[in-house]
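Everything on this sheet refers to the single structure shown next.
The values are calculated or read from the model by the stated rules, or taken from the named source; none is laboratory data. Worth saying up front: this structure is predicted, and the values here are computed from it rather than measured. Neighbour counts are summed over all protein chains in view; Cβ atoms, including those assigned to glycine, are modelled from backbone coordinates with ideal geometry. Note: areas computed on protein heavy atoms with side chains; ligands, DNA, RNA excluded. Shrake-Rupley method; radii C 1.70, N 1.55, O 1.52, S 1.80 Å.
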Amino acid sequence: MTSLLKMTWVETKLFLREPVTVLFTFALPLMVLYVLGGVFGNEGDTGGNGGFVVYGGYGPTNWYTPAYVGLAIAGVAMIGVPAHIAEYRERGVLRRLRASSVSRTGFLSAQLIVSFFIAAIGSVLLLAVAFPSTEVDTPVSAGLFLIAFVLGAVCFSAFGILVGTVLPTARAAQSAGLLLWFLFMFVSGAGPPPEVLPESLAAIGEYAPLTPVIKMLQEPWLSGEWAVGPSVAVLAIGVVSAGAAYFLFKWE
Amino acid sequence: MGSVISVEHLRKTYGSFVAVDDISFEVEEGEIFGLLGPNGAGKTTSVEITQGLRVPDGGDIRVLGLDPRTQATQLRRLVGSQLQESALPGRLKVWEALDLFASLVPGGPEWREVMERWSLTEKASASFSSLSGGQRQRLLVALAVVNEPRVVFLDEMTTGLDPAARRATWQLIEAVRDGGATLVLVTHFMDEAEQLCDRLAIVDGGRVVAGGSPQSLIAEYGGDLQVNFSTDRPDVSFLEAIEWVDSVSRRGPHVVVVGRGPVLALVGAELVRNGIVPTDLRVQQATLEDVFLRLTGRGLGE
Ligand SMILES: Nc1ncnc2c1ncn2[C@@H]1O[C@H](COP(=O)(O)OP(=O)(O)O)[C@@H](O)[C@H]1O
Ligand SMILES: [Mg+2]
């Protein structure tokens, strides 16, 4: 147990020393929040535009803030974790850990905890800046939002671990991670209003695993409801990813 | 003095490629045992199987009475590892590495002591990637012994190091042995094996081609000895009568005696008896390189 804690702590520090992870988890979501928040303000759309309503009628900043929490989760899970695991495998770090009796469960659990932890830091940072500096309203149900965050961060981190497990090299994992992050940003509700996405992108958005995470985060924030469908999807993604990662994981 | 490791008829294939054909060796308590052979000989595969890190296709292996195939978890707690081509995260600091690896040992040792003992204290906050090759090896050795293992496996410790760092690493290896552990040293450097190993197995093409102490291997396979000296005395043909001498030749003042076994001592004694006291009497000893050449028909570097 102490070794799991120690590994988690050391790995957390290593993540925070990785500039790319820090950029995509901490800095970029903040930057995007400012740009899009500044462009769209926080006035709810009332359908003056010929009855066509964007952001489901919610204020854009209210809409985007929980979505960027999702983006921070995706930053660590897509850009931090996969390259990290693949690099460890490529450089023989995993072999060395295994030789010192680190178990597969131990290593993967530590990754999951670290990823969750970094996503939490990123999200707290984002909200700490968003509240005083934008017009964002407090979540309708903070409690449900918190639960949604925990579920979303854990399950999406498991998905990131799976990506790092199946991709052979750090370079491949980093490229794939970046690509997925940008794609998800556009199609999963953190980019242009979903109502204006071209059909093809909207279709991708339907199946992008970040979409239910963001929906699950937005619902308690905007309406105070729990998004049942998306949360089931998120849970499924988490369970399947964790299981697949466990069985596909290779030390070398 | 029991045998700590026994490997019998080890075999390992990767697909249809036979990496280890048939390797057997025994390692005695407290010795430095070497696996010497060219790249691709199957050394790493053999020692990693012995540590339970890879699965063999055949053979019987015991390490400290345990079978690495079925008791790898128990075994790993009793052995220390420095693996070939393994590294630590580049941004990991020296003290963090020691702290982490000490925590992986149940009832783990005080990592600060380990850091002190291996002279890493002044580098405590340096990241792994900023260390020199020799310092990295020092850290990796410290991590390999942090669990106070009874057997330590060191795979290609000095590849890529400059001569000074190599010598320093040799001292580390001897320090580990002096600490009471049994060592298995994998190397493709014959000078390293000759210098450090009590006994060794020469491996080539997935088989052991010879085994024994460096001296006995050289005596057995090293071929003839060459004794050189110079003298002004025109006639040294009396040396030909010595039992172990095969031939005597000279060019100017330089005399070359080719022989076997105790030829150096006998030539020396005979010279002194005949009033010749050369200051440059020396023997050109065969090395493990010559042994390897003799056994395989190839140089070790090829
Ligand atoms: N995981 C692997 N998959 C396929 N071939 C391998 C693998 N590991 C080693 N080999 C091959 O097996 C042979 C022996 O390798 P190795 O045990 O590393 O030799 P050595 O340590 O003596 O250089 C080499 O030809 C190497 O290419
Ligand atoms: Mg090798």
Checklist line | Solvent-accessible area buried by pairing B with A, both sides, nearest 100 square angstrom, 1.4 angstrom probe | finding: 2300 Å²
Checklist line | Whole-Å distance, taken between Cα centres, linking region A:200-228 and region B:163-191 | finding: 59 Å
Item checked: Sequence-distant aspartates and glutamates (8 or more away, or on other chains) whose Cα lies within less than 13 Å of A:Lys250 -> A:Glu87, A:Glu90
Next item on the list: Quote the convex hull volume per residue of region B:9-61, based on C-alpha atoms, as a whole number of Å³.
Entry: 82 Å³
Checklist line | Rounded to whole Hz, the Karplus (6.51, -1.76, 1.60) HN-Hα couplings of region B:54-66, x for glycine and proline | finding: 9, 9, x, 8, x, x, 10, 10, 10, 10, 6, x, 9
Next item on the list: Counting only DSSP beta bridges with both residues in chain B, tell me the antiparallel percent, nearest 5.
Entry: 65 percent
Checklist line | Accessible-area value, A:Lys215, 1.4 Å probe, nucleic acids and ligands omitted, Å² | finding: 100 Å²
Check: Per the Kirkwood formula on distinct C-alpha pairs, the Rh of region B:224-285 is how many angstrom?
Finding: 11.3 Å
Check: Using the Karplus equation 6.51 cos²θ - 1.76 cosθ + 1.60 (θ = phi - 60°), what ³J(HN,Hα) coupling, rounded to whole Hz, does each residue of region A:139-146 give in order, writing x for Gly and Pro?
Finding: x, 4, 10, 5, x, 5, 4, 4
Checklist line | region A:160-165 - phi-based ³J(HN,Hα) in whole Hz, Karplus 6.51/-1.76/1.60, Gly and Pro as x | finding: x, 5, 4, 4, x, 6
Next item on the list: Could you pull out every one of the lysines with an alpha carbon less than 21 Å from that of B:Lys93, ignoring same-chain neighbours closer than 8 positions?
Entry: A:Lys6, A:Lys13, B:Lys123
Notebook entry, point to check: According to the Kirkwood expression over distinct Cα-Cα pairs, how big is the hydrodynamic radius of the protein assembly as shown, in Å?
Noted result: 27.7 Å
Note to self: Quick check on the protein assembly as shown: helices-only [θ] at 222 nm, where DSSP H runs of length 4 and up contribute -39,500 (n - 2.57) each and the sum goes over total residues. Nearest 500, please.
What the structure shows: -15500 deg cm²/dmol
Item checked: Unit Cα scatterers, Debye sum, region B:46-174: log10 I(q)/I(0) for q = 0.12, 0.21 Å⁻¹ -> -0.48, -1.25
Check: Who wins for biggest fluctuation among A:Ile214, A:Ile113, A:Ile147 in a Gaussian network model of chain A, springs between alpha carbons below 10 Å?
Finding: A:Ile147
Check: For region B:153-302, max minus min Cα coordinate along each principal axis, in Å, sorted largest first?
Finding: 55, 31, 27
Next item on the list: From largest accessible area down, sort B:Arg136, B:Arg251; use a 1.4 Å probe on the protein chains.
Entry: B:Arg251, B:Arg136
Notebook entry, point to check: Across the Cα atoms of region B:1-114, what radius of gyration and what greatest pairwise Cα-Cα distance (Dmax) are found, in Å?
Noted result: 16.1, 48
Next item on the list: For every other residue with a beta carbon closer than 15 angstrom to the beta carbon of A:Phe186, add +1 if it is Lys or Arg and -1 if Asp or Glu, then tell me the sum.
Entry: -3
Notebook entry, point to check: Rounded to whole Å and sorted largest first, what semi-axes of the equivalent ellipsoid does the C-alpha gyration tensor of chain B yield via the square root of 5 times each eigenvalue?
Noted result: 43, 24, 16
Note to self: Ordering B:Asp22, B:Asp57 by accessible area with a probe of 1.4 Å, largest first, what comes out?
What the structure shows: B:Asp57, B:Asp22
Notebook entry, point to check: Computed over the Cα atoms, what is the radius of gyration of chain A divided by 2.2 N^0.38 Å, N being its residue count?
Noted result: 1.02
Check: Got a number for the accessible area of B:Asp232? Probe 1.4 Å, square angstrom, nearest 10.
Finding: 150 Å²
Check: Which cross-chain or sequence-distant (5 or more) residues have an amide H under 5 Å from the amide H of B:Leu200, H modelled 1.01 Å from N in plane?
Finding: B:Gly34, B:Gly212, B:Ser213
Notebook entry, point to check: Under a Cβ-Cβ cut-off of 15 Å, what is the net charge of the residues other than B:Thr159 that fall near it, where Lys and Arg count +1 and Asp and Glu count -1?
Noted result: -2
Note to self: If I histogram all Cα-Cα distances within region A:58-141 using bins 10 Å wide from 0, what percent of pairs lands in each bin?
What the structure shows: 16, 36, 23, 15, 9, 1
Item checked: Listed residues A:Val20, A:Val166, A:Val53, most fluctuating in chain A (Gaussian network, C-alpha, under 10 Å) -> A:Val53
Next item on the list: Order the following by accessible area, largest value first: B:Phe33, A:Phe186. Probe radius 1.4 Å; ligands, DNA and RNA are ignored.
Entry: A:Phe186, B:Phe33
Notebook entry, point to check: In percent, what relative contact order does chain A have, based on Cα pairs under 8 Å that are 6 or more apart in sequence?
Noted result: 27 percent
Check: Summing Lys, Arg as +1 and Asp, Glu as -1, what charge do residues with Cβ under 12 Å from the Cβ of B:Pro109 carry, B:Pro109 excluded?
Finding: -3
